[in-house]
1. So, in region 326-341, exactly how many residues are within 23 Å of the chain's Cα centre (by Cα) and under 11 Å from residue 387 (Cβ atoms)?
2. Any chance region 72-87 includes a residue that's crowded, with 24+ Cβ neighbours inside 10 Å and under 15 Å from the mean Cα position of the chain (by Cα)?
3. Quick one: is residue 79 farther than 19 Å from residue 219 by Cα and without any contact (Cβ under 8 Å) to a residue 12 or more places away in the chain?
4. What are the residue pairs meeting all of these: first residue in region 125-136, first residue assigned by TED's automatic domain parsing to the domain that holds residue 406 and buried (at least 24 other Cβ atoms within 10 Å of the Cβ), second residue at pLDDT 85 or above and in a helix (DSSP H, G or I), Cβ atoms under 6 Å, and 6 or more apart or on different chains?
5. What are the pairs with Cβ atoms under 9 angstrom where one residue, in region 377-391, is in the same structural domain as residue 140 (by TED's automatic domain parsing) and the other, located anywhere, is modelled with pLDDT under 85 and part of a helix (DSSP H, G or I)? Sequence gap at least six, or different chains.
6. Check region 454-474 and report whether any residue there is part of a helix (DSSP H, G or I), in the same structural domain as residue 347 (by TED's automatic domain parsing) and under 16 Å from residue 282 (Cβ atoms).
7. Does region 192-199 include one or more residues that are closer than 22 Å to residue 32 by Cα and buried (at least 18 other Cβ atoms within 10 Å of the Cβ)?
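The values are calculated or read from the model by the stated rules, or taken from the named source; none is laboratory data. Owing to the predicted nature of the structure, the values given are computational and were not obtained by experimental measurement. All Cβ positions, even for glycine, are placed from backbone atoms using ideal geometry, and neighbour counts span all protein chains on display.
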């Protein structure tokens with residue numbers, strides 16, 4: 001039997017190919033959070049222009065989020081088998097082409113279908129991009145590459161809303177999607193210079209595992225969407241939740257029975273270091289996304305600030321996420337990944353606890369007290385999380401590991417946004433005595449979205465402020481637990 005020669009890697013390639021690969025993954029990765037945050041900003045203008053109701057237009061976001069959350073593991077498994085660069089290129093092409101289609105769409109129905117397919121491409125970029133970097137870099141080059149990747153994610157999350165707002169003002173909602181389509185072109189051209197790699201054994205596709213896992217994530221995503229509008233106890237929420245649990249159980253059974261061809265080897269979860277790293281997004285991106293979504297609504301609705309002013313007030317949170325991922329890689333090299341990730345979770349816990357000092361009339365300096373340590377923790381974690389996730393498994397399974405990690409990241413964000421909305425709404429409504437429960441919940445939900453009834457401003461301000469403080473305590477507890485578990489689970493490097 002003859003064997004195929006090993007595929008080349010960038011380890012021996014010149015500087016130009018290295019930076020082309022890093023640039024491709026970084027540019028493509030920045031498109032992904034912008035495709036979420038930018039689309040949310042464009043939604044009102046899109047709905048008005050295309051004549052869609054608010055509920056119908058909301059599926060423009062939901063369609064993307066469902067496929068984006070459900071498919072990273074499938075995309076990572078395919079990348080390991082079919083070729084990581086091939087899947088990365090396909091993902092970039094889908095994100096760019098479908099974004100162009102959305103920009104030119106004549107109806108909301110076309111938009112919804114295009115966004116669902118675009119989410120498939122985004123999942124491919126997310127999983128295959130990290131796998132390409134894991135296979136093709138090492139040492140300081142790898143740390144730098146994953147620092148750029150973390151900066152790219154942070155940039156897309158942090159600057160997405162203000163950039164999208166400026167684009168909508170200048171050129172309408174279509175300009176947001178045209179920008180994503182334009183970014184896809186240089187990313188694709190650079191990615192063609194990346195080396196190809198795949199698992200040397202190339203086992204057959206695990207269709208049963210792939211189907212169970214993807215269907216389970218789709219069911220879970222649908223449940224999260226339903227929970228936002230109907231509540232967690234509604235039949236439309238509980239049924240897909242039960243379906244998700246059953247499908248995930250079936251996935252575990254399938255994978256454990258056929259580990260030699262499994263889409264992902266579940267035995268890796270026996271490794272404490274792998275389990276700690278893939279759970280890290282829950283203590284990092286969870287709180288960051290919650291603050292990005294709900295703190296501006298608080299500052300604008302209860303605090304009466306403008307969109308621009310509230311964006312500037314969030315700089316202590318967002319600036320570290322742009323500046324720290326690259327230095328975080330060097331810190332991890334000088335100290336250890338364990339030290340950096342533990343410190344990151346501890347900083348997030350400190351910032352979350354200090355949220356109890358936030359008031360609706362707080363100054364920039366007062367807001368910086370909780371937001372600066374919170375942002376510093378997120379920025380440090382973004383610089384090393386992805387590298388740590390793929391470094392805890394054999395390189396031939398890098399795509400699947402990246403898929404599991406990013407599934408946890410995206411699912412955690414979805415749970416965070418839905419769960420935080422429910423918590424903030426319930427706690428805010430509790431400060432509105434004398435009103436029917438449904439009316440109090442309606443006013444509170446609008447306040448959480450930044451729309452405050454002037455007749456109830458004082459009560460809503462007190463309720464929303466108290467709810468934000470309670471949320472900070474919850475985030476602080478979760479992050480403290482994350483810091484302890486990370487420190488205990490991750491091993492010090494040999495000789496460290």
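1. Of the residues in region 326-341, 6 are within 23 Å of the chain's Cα centre (by Cα) and under 11 Å from residue 387 (Cβ atoms).
2. We begin by selecting, within region 72-87, every residue crowded, with 24+ Cβ neighbours inside 10 Å; these are 72-80, 84-85, 87.
Among the residues that remain, those that are also under 15 Å from the mean Cα position of the chain (by Cα) are: 72-73.
Checked region 72-87: at least one residue is crowded, with 24+ Cβ neighbours inside 10 Å and under 15 Å from the mean Cα position of the chain (by Cα).
3. No; evaluated as a whole, the condition is false for this residue.
4. No pair meets every condition.
5. Nothing qualifies.
6. Yes; the residues of region 454-474 include at least one that is part of a helix (DSSP H, G or I), in the same structural domain as residue 347 (by TED's automatic domain parsing) and under 16 Å from residue 282 (Cβ atoms).
7. The first filter runs over region 192-199 and keeps only residues closer than 22 Å to residue 32 by Cα, leaving 192-194.
Applying the additional criterion that residues be buried (at least 18 other Cβ atoms within 10 Å of the Cβ) yields 194.
Within region 192-199 (the criterion being closer than 22 Å to residue 32 by Cα and buried (at least 18 other Cβ atoms within 10 Å of the Cβ)), the answer is yes, since at least one residue qualifies.
This table checks each residue for (1) farther than 30 Å from residue 423 by Cβ; (2) surrounded by fewer than 21 Cβ atoms within 10 Å (Cβ to Cβ); (3) modelled with pLDDT of 75 or more.
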{"site": "206", "(1), (2), (3)": "yes, no, no"}
{"site": "212", "(1), (2), (3)": "yes, no, yes"}
{"site": "218", "(1), (2), (3)": "no, yes, yes"}
{"site": "224", "(1), (2), (3)": "no, no, no"}
{"site": "228", "(1), (2), (3)": "no, yes, no"}
{"site": "260", "(1), (2), (3)": "yes, yes, no"}
